Amino acid sequence: MLRMKDVIRMCKEKGLHYFDKDTMEYWGTKIETELMEGNLFVTSEDTFDSMERKYTVRHFDENTLKIRTVDDFQRFETLEQALNFIENEYTESEEN
């Protein structure tokens, strides 16, 4: 099973910018989880209009190396809500 460090390395080797330091700093992005089953992971980002952070579920496509937002950007108020979504609500049909 892939780990986040593998995903980051693969993306950087292909010249993709999702995990570049400047990109992560601009959005205030932090990787909150390790890569989970189904190649899902959670990030948190600054909201820009306040000091709070919100959480986003992401999907990594091993074939295209694309990172896709699952559901809505910054949908979740807490990490626990994002993890609950993955465990109880997410279906693979949402990958398409």
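Taken together, the values in this text are just the output of simple stated rules run on the coordinates, not laboratory data. Note that this is a predicted model, so its numbers are computed, not measured. Neighbour counts run over all protein chains shown; Cβ positions are idealised from the backbone, glycine included.
Observations on the model:
- Proximal lysine pairs, the stretch 4-95, alpha carbons under 18 Å, eight or more residues apart or interchain: 12
- Nearest-0.05 FRET efficiency for M10 and T78, computed from C-beta distance (R0 25 Å): 0.30
- Distance between modelled label sites at R3 and H17, nm, 7 Å Cα→Cβ extension: 2.9 nm
- When you filter the GluC sites (Glu not before Pro) in the stretch 19-88 for DSSP loop state and at most 10 other Cβ atoms inside 10 Å of their Cβ, you are left with E52.
- For the stretch 1-31 versus the stretch 39-61, the gap between their alpha-carbon centres in whole angstrom: 13 Å
- Pairs of Cα atoms nearer than 8 Å and 6+ residues apart set the relative contact order; for the chain it is 19 percent.
- Using the Cβ-Cβ distance between M24 and T91 with R0 set to 35 Å, the FRET efficiency from 1/(1 + (r/R0)^6) comes to roughly 0.75.
- Per DSSP, loop trypsin sites (Lys or Arg not before Pro) in the stretch 3-77 with at most 13 further Cβ within 10 Å: R3, K14, K66
- Packing-based exposure ordering (other Cβ within 10 Å, fewest first) of F60, F48: F48, F60
- For a label point 7 Å along the Cα-to-beta-carbon line of T69, residues of the stretch 36-62 with backbone N under 13 Å: 43-48, 54-59
- Percent of Cα pairs in the stretch 4-95 per distance bin of 5 Å, from zero to the largest separation: 3, 13, 25, 26, 19, 11, 3, 0.
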